[in-house]
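Here the structure is laid out as structure tokens; the discussion comes afterwards.
The values are calculated or read from the model by the stated rules, or taken from the named source; none is laboratory data. A quick note: this is a predicted structure, and the numbers were derived from the prediction, not measured. Cβ sites come from the backbone with ideal geometry, for glycine too, and all protein chains shown count toward neighbours. Note: areas computed on protein heavy atoms with side chains; ligands, DNA, RNA excluded. Shrake-Rupley method; radii C 1.70, N 1.55, O 1.52, S 1.80 Å.
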Amino acid sequence: MNLYLWLIGSGVLTFIAWFGWNLTLDALWQPTEIATIRQIFNLVDLREDDLIYDLGCGDGRVLIEAAKERGASGIGLEIDPIRVALARIRTKINGLDGKVIIRLADMYNYPVGDADVVFLFLSSAANEKLAAKLTEELSPGARIVSYYHELPGLEPVKVEYNDSDYELFLYEI
């Protein structure tokens, strides 16, 4: 009985620590709806030969849908090891090993210069930190789509609204 209580208590404390740590990150995880993901693919004209990066990829749903629906390859960067594990499991279940790669990585320090498309659903603070990095590393013609928050210092080439009236900002380098 004492071991059982100890295990439950340890699990609860681990969850509280993990949840508290997540609150310190630049963006909380909020999964993107499939309808919005499809709208994003149309907005950036996602093609089969595109490499799409998802910075803060969560459970990998954007990249999985990009590979399944458009044939694009994807790289997801996520700092939370639990979400990395979840995204890798989802990738494997969908038979997309090699087509979608999920990295346990800090998006601020990971090079993204080979991306054709970068997807962001982050906080305004995170976008502010990433704006200069993206403009420095990405090649001309690369597209960036940011869901909900603008990229400071960059002028969007197009702005659309999803079904929930949240903005999608399209940028081109």
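Observations on the model:
- Within the range 133-165, the set of residues being without any contact (Cβ under 8 Å) to a residue 24 or more places away in the chain, assigned to a loop (DSSP other than H, G, I, E, B) and not small (Gly, Ala, Ser) comprises Leu154, Glu155, Pro156, Val157, Asp165.
Yes/no matrix, rows are residues, columns are (1) open to solvent by less than 40 Å² (accessible area, probe 1.4 Å); (2) in a strand (DSSP E or B):
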| position | (1), (2) |
| --- | --- |
| Ile101 | no, yes |
| Asn109 | no, no |
| Gly113 | yes, no |
| Leu122 | yes, no |
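- Test set (1) β-branched (Val, Ile, Thr); (2) open to solvent by less than 10 Å² (accessible area, probe 1.4 Å); (3) in contact with an Asp or Glu (Cβ under 9 Å, 6 or more places away or on another chain) - Val157 fails condition number: (2)
- When the range 66-77 is limited to residues that are surrounded by fewer than 22 Cβ atoms within 10 Å (Cβ to Cβ) and not aliphatic (A, V, I, L, M), the one that is nearest to the chain's Cα centre (by Cα) turns out to be Ser73.
For (1) out of contact with any strand residue (DSSP E or B) (no Cβ under 7 Å at 6 or more places or on another chain); (2) within 25 Å of Tyr166 (Cα to Cα); (3) acidic (Asp, Glu); (4) modelled with pLDDT of 95 or more, each residue gets a yes or a no:
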{"site": "Glu33", "(1), (2), (3), (4)": "yes, yes, yes, no"}
{"site": "Val44", "(1), (2), (3), (4)": "no, yes, no, yes"}
{"site": "Asp49", "(1), (2), (3), (4)": "yes, no, yes, yes"}
{"site": "Gly71", "(1), (2), (3), (4)": "yes, no, no, yes"}
{"site": "Gly76", "(1), (2), (3), (4)": "no, yes, no, yes"}
{"site": "Arg88", "(1), (2), (3), (4)": "no, no, no, yes"}
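- Whichever residue in the range 86-99 is in contact with a Leu (Cβ under 9 Å, 6 or more places away or on another chain) and open to solvent by less than 60 Å² (accessible area, probe 1.4 Å) and, among such residues, is farthest from Ala67 (Cα to Cα): Ala87
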